[in-house]
Structure formats: structure tokens, C-alpha cells
Amino acid sequence: MEVTATFADTREKYQGTVGLLPTLGFLHEGHLALMDLLRERCDTLVVSLFVNPTQFDDKDDFAAYPRDTERDSGLAKEHDVDLLFVPEQDEVYPVGETTIVEVGGVSQEMEGRYRAGHFTGVATVVAKLFAGLQPDIAMFGRKDAQQLAVLKSMVRDLRFPVSVIDAPLVREPDGLALSSRNVRLSRMDRERALAISRGLFQAAEQVDAGERRGERLEGTVRRSVKGLEVDYATLASQDTMVPIDELDRPAVLAVAAHVGGVRLIDNVTFDWADGRPVPDRGLLLAKPSRLT
């Protein structure tokens, strides 16, 4: 594995089909699972590691985000990554730049209501990665369901020649969605955080039993997370992220909640098969994560 710091130097090392996994770093088993999945689809596997300041609406959250490049480099090497792209900020954001990327519509609800400018920061940095690294395929996890929808919309609208691939949400054996932020949870808060996935799983069971009313499904989640500071628990269309009253199309039941000062997001995605919704609860690890 080689570590690169510029777009040009990274591109010079490509062979065959190029796959990109963008990350903020502080890798966990969810990232590693995505690396293994993407490795099967490409000849050159590139992982970018960049804590993007423009997608943090809270300066304290940006400052607190865990960073350990040496650790991440070792993990990437273990998972057969070819190129670890670790740029300085001025490689991504040149001094004096004036261009941003805003994706309308799909970015307005849920996270868009609570994190001003977040998706503009995400779309801008990913557009830069696509333009500078020029991958053939890129993979993003379903844990950030709205982000995935935003980026698919951007790729379609701006005609980026990149295939965006969904990757499964990865969970601890007890259901907690993997996140680099989990390392900031105390033992007690981690137990409290399980109410999020518990509520989502209960709602998924209701769907399996025939429930389709959005109000009922959202209510199940809200009852489970009672006692936490909840930003939203919303059933939304999978492609537009517009809230819906009835589960009658591909959708996502998403929740954002604060636990011990740490903001966590999670969801269950409902795909469509044979005229009915099929819950995607994500992948459960066989044993507890060693990284978060």
C-alpha cells in the first residue's frame, strides 16, 4: 500500500478499474467491510482519509472528531488497500477558492433541517474527490441514507462518470450502528443508545406483519427513544427523502438522537420486492467491534 497526498500523484498510480471509498478516518469495522466489498469490484482500491471541515456545522464536533492516521494506515493495509489518499487541507480547498456544490430537494429534510450547510460540505468535498481522483466506482454506506441520496442526485445531475454503489449498514452484535463517534460514548450512554436500533427493529417487525402507516412506525421509534434528545424519527421516500405518510414505495425510516452529548444517526431501509417492502436492518457483526 502507498500513501499519497495529491490528486495528481494518486492518479499516476492507477491500474485498471478504480474504486474509491471516501472516509473521514478513524476507521471501524464498517469501513473495513466496505473496503472488502469494494476490493472485489476494482483493480485499484483507493481509500481517502480527510476530516472535511465544511461538513461540520458544529466546530466543537469537528475538533472532537477522533483522528489517528497511523492507526488507519495499518488497518487499510491489512485490508488490501492499494492507495491511501491523505491530503492536506489546501490540496482539497485551495486558498481563495469560491466554488461550492449545493444539491437541492433531497438535502432539505431531516439532516438538512438540523445541520445547516452539512450537505453542501459533503457534496462539495465528494465532487472534489470525484474530479480529482476520477474513480470509476465509489461506495457509500446506507447508514448515511440521506447522504447517499444526495450524492446519487449530484452524480446524476452533474453527469459524473462514476457508479455509486450502496453498501450495507454494519452493526455491533447488539444492534448499535457502527460509527466513529461511538468511541466517545460512556459505557452507560452506550447502553442508552441501544434504544435507537431497538426501536427501528421493532418498526421493521411491524412492517413484516403488515403495518404501512408512517405515523405508527415513527411512533414506535419515538417511544423506544423516549428519554433521549431526538431531532427526528421520520419515514421518507428513499430517493427524494421527502417524508411520506404511507409505506408504499422504497423508503427509509431514519432517526437522529443525542446520547451523552454525542449525536447518532441510524435507519432501517425498506427496499421493494414482489410489491411489498423488505426491511434492510443492516449486517450484524459476529463479535463486538474491536475498533470503537
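The values are calculated or read from the model by the stated rules, or taken from the named source; none is laboratory data. On a predicted model such as this, the values are computed, not experimentally measured, just so you know. Here the Cβ positions follow ideal geometry from the backbone for every residue, glycine too, while neighbour counts run over all protein chains shown.
Tell me, which strands (runs of 3 or more DSSP E) lie completely within segment 212-275 with 2 or more residues that are under 17 Å from the mean Cα position of the chain (by Cα), of a type in the set (Val, Ile, Thr) and modelled with pLDDT of 95 or more?
251-259, 262-273
Just wondering, is there one or more residues in segment 78-88 that are at pLDDT below 95, touching a Ser or Thr at 6+ places or on another chain (Cβ under 9 Å) and either loosely packed, with under 13 Cβ neighbours inside 10 Å or not basic (Lys, Arg) (or both)?
Checking segment 78-88: not a single residue is at pLDDT below 95, touching a Ser or Thr at 6+ places or on another chain (Cβ under 9 Å) and either loosely packed, with under 13 Cβ neighbours inside 10 Å or not basic (Lys, Arg) (or both).
Quick one: is residue 32 free of Cβ contacts under 8 Å to residues at least 40 places away in the same chain and either within 25 Å of residue 124 (Cβ to Cβ) or within 19 Å of the chain's Cα centre (by Cα) (or both)?
The answer is no for residue 32.
How about segment 21-53: which of its residues are in a strand (DSSP E or B), of a type outside the set (Val, Ile, Thr) and under 12 Å from residue 140 (Cα atoms)?
Hits for segment 21-53 are 21, 22.
Scan (1) touching a strand residue (DSSP E or B) at 6+ places or on another chain (Cβ under 9 Å); (2) among the acidic types (Asp, Glu); (3) loosely packed, with under 12 Cβ neighbours inside 10 Å for the single condition residue 72 breaks and write down its number.
The failed condition is (3).
Mind checking which residues of segment 126-151 are outside any strand (DSSP E or B) and under 13 Å from the mean Cα position of the chain (by Cα)?
126, 142, 143, 144, 145, 146, 147, 148, 149, 150, 151
Could you list, ordered by first residue, the pairs with Cβ atoms under 8 Å in which the first is in segment 111-133 and in contact (Cβ under 8 Å) with a residue 12 or more places away in the chain and closer than 17 Å to residue 149 by Cβ and the second is surrounded by 20 or more Cβ atoms within 10 Å (Cβ to Cβ) and of a type in the set (D, E, K, R), at least 6 apart or interchain?
Filtered contacts from segment 111-133: 118/111; 119/111.
Which of (1) closer than 23 Å to residue 30 by Cβ; (2) in contact with a helix residue (DSSP H, G or I) (Cβ under 9 Å, 6 or more places away or on another chain) does residue 145 not meet, given it meets every other one?
For residue 145, the exception is condition (2).
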